[in-house]
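To start, the structure under review is shown below, and the notes come after it.
Readers should treat all values here as calculations from the given coordinates under stated rules, not as data from a laboratory. Every value quoted in this text rests on a predicted model; they were computed, and no experiment measured them. Using ideal geometry, Cβ is built from the backbone for each residue, glycine included, and neighbour counts are taken over all protein chains shown.
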Amino acid sequence: MAGLSVHSVLVTGANRGIGLGLVQHFLRMPKPPQWIFAGCRDPKGQRAQELQNLASKHPNIINIPLEVSDPASIKAAAAKVGEHLGGSGLNLLINNAGIAKLKSLDMETLEDMSEVYTTNTIGPLLMAQAFLPLLKKAAQGSPGSGLSCSKAAIINISSIAGSISSFFGWDMVQATSYRCSKAALNMLSKCQSLAYKEHGILCVALHPGWVQTDLGPPTTVDDSVQGMLKVLSTLSEKETGTFLDWEGNVIPW
Ligand code: NDP
């Protein structure tokens, strides 16, 4: 991971699944970040036990209460992260938190569509808006004119299920609310890449593979996270605004 060297990272949904895997892999880097902000809905709750144990052993992990569908929670999290960082910026924002409703098209409801869209699409939008000043600060504080994840980046964890042209897994699961939310997240990633390029911030949508977590089976979390971090270490302005998978392949929109 020689190419990825970040002073600070924030991962949303960091208490389990891929988010927790990301925190663990950041810790194992030869030069771990000085600050790993672990966003979690209920940092003191049962589902955050593993994260609490990690944080008690590693002072560079800061558990941040964060509900990505709640603007007030996001605002409070940004203030808390800013306090810890003092005068420096945030290099990497990983919008990982997500939910899926594995229903057939006929069974989708207004409530499901709204809840999934709010979490998976509006959450990353509001997160990026709230953390923009800190991301800009990181970009300004890094030498060089190019874009990179070591400088400043927004990584939106998307899904190949949101790819309109590949239409992965329809026979297995329809999950229309999830597919629509990730297709919209892909568009958001493109819009962010266009708007934030001038601020020196790289933005991509990243599919983590089909991973064994509460959301689904068969790549392991370790393989997925290792692959994604390797991809992040190679990204430059050439890739901003693209949709990639955990092995660095371009996914059709
Ligand atoms: P998990 O269900 O294992 O974990 C989801 C995480 O998101 C949990 O930490 C959960 O917190 C958090 N979360 C959910 N809703 C919110 C919210 N409103 N605010 C804050 N945190 C929230 O999922 P995965 O680790 O499998 O998935 C992570 C990301 O990867 C998601 O965006 C998913 O769509 C994507 N992905 C996953 C694939 C897979 O095969 N697993 C495939 C393709 C994409 P809590 O414990 O409080 O519920």
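Ranked by the mean number of other Cβ atoms within 10 Å per residue, highest first, peptides 100-106, 218-224 order as 218-224, 100-106.
How much length would be gained if the chain were fully extended between Asp106 and Lys197, taking 0.36 nm per residue of separation minus their Cα-Cα distance, in nm to one decimal? Can you show the working numbers first?
Values: separation 91, 0.36 × 91 = 32.76 nm, distance 4.03 nm.
Stretched out fully, the Asp106 to Lys197 stretch lengthens by 28.7 nm.
A straight line joining the Cα centroids of segment 4-68 and segment 102-169 runs 18 Å.
Let me know the volume per residue of the alpha-carbon convex hull for segment 135-197, in Å³. Walk me through the intermediate numbers first.
On the way: hull volume 5.8 nm³, N = 63.
In segment 135-197, the Cα convex hull volume per residue is 93 Å³.
Given a Förster distance of 22 Å, report the FRET efficiency between Glu83 and Glu50 from their Cβ-Cβ distance, rounded to the nearest 0.05. It comes to 0.30.
Please report the projected area of the chain's Cα convex hull averaged over all directions, in nm².
Details: hull surface 50.4 nm².
Its average projected convex-hull area is 12.6 nm².
For segment 89-188, the C-alpha radius of gyration divided by 2.2 N^0.38 Å, with N the number of residues, is 1.27. Highest mean packing comes first when the peptides 10-18, 61-69, 166-174 are listed by Cβ atoms within 10 Å, giving 10-18, 61-69, 166-174. Compute the FRET efficiency between Glu247 and Phe168 as 1/(1 + (r/R0)^6), taking r as their Cβ-Cβ distance and R0 = 22 Å, and round to the nearest 0.05. Using R0 = 22 Å, I get an efficiency of 0.90.
222 nm [θ] for the chain, helices only, -39500 (n - 2.57) per DSSP H run of 4+, per residue, to 500?
Details: 7 runs with 97 residues, N = 253.
Counting only the DSSP helices, I get -12500 deg cm²/dmol.
Once Rg and the Kirkwood radius are both taken over the C-alpha atoms of segment 172-253, their ratio Rg/Rh works out to 1.00. Using a/c under 1.5 as the rounded threshold, could you call segment 40-88 rounded, prolate or oblate? The axes a ≥ b ≥ c are square roots of the C-alpha gyration tensor eigenvalues, and prolate needs a/b larger than b/c, oblate otherwise. Verdict is oblate for segment 40-88. Considering only Cα atoms, the convex hull volume of segment 1-133 works out to 121 Å³ per residue. Computed over segment 161-202, the P(r) tail beyond 11 angstrom holds 66 percent of alpha carbon pairs. The number of Lys pairs in segment 111-200 with C-alpha atoms less than 15 Å apart, excluding pairs fewer than 8 positions apart on the same chain, is 6.
Can you list the equivalent-ellipsoid semi-axes of segment 1-70, largest first and in whole Å, using the square root of 5 times each Cα gyration tensor eigenvalue?
Working: eigenvalues 82, 31, 20 Å².
Result for segment 1-70: semi-axes of 20, 12, 10 Å.
Hey, what's the Kirkwood Rh for segment 85-137 if you take every pair of different alpha carbons, in angstrom? Don't skip to the answer; put the middle values down first.
Values: mean 1/r = 0.0769 Å⁻¹.
Every distinct Cα pair counted, the radius reaches 13.0 Å.
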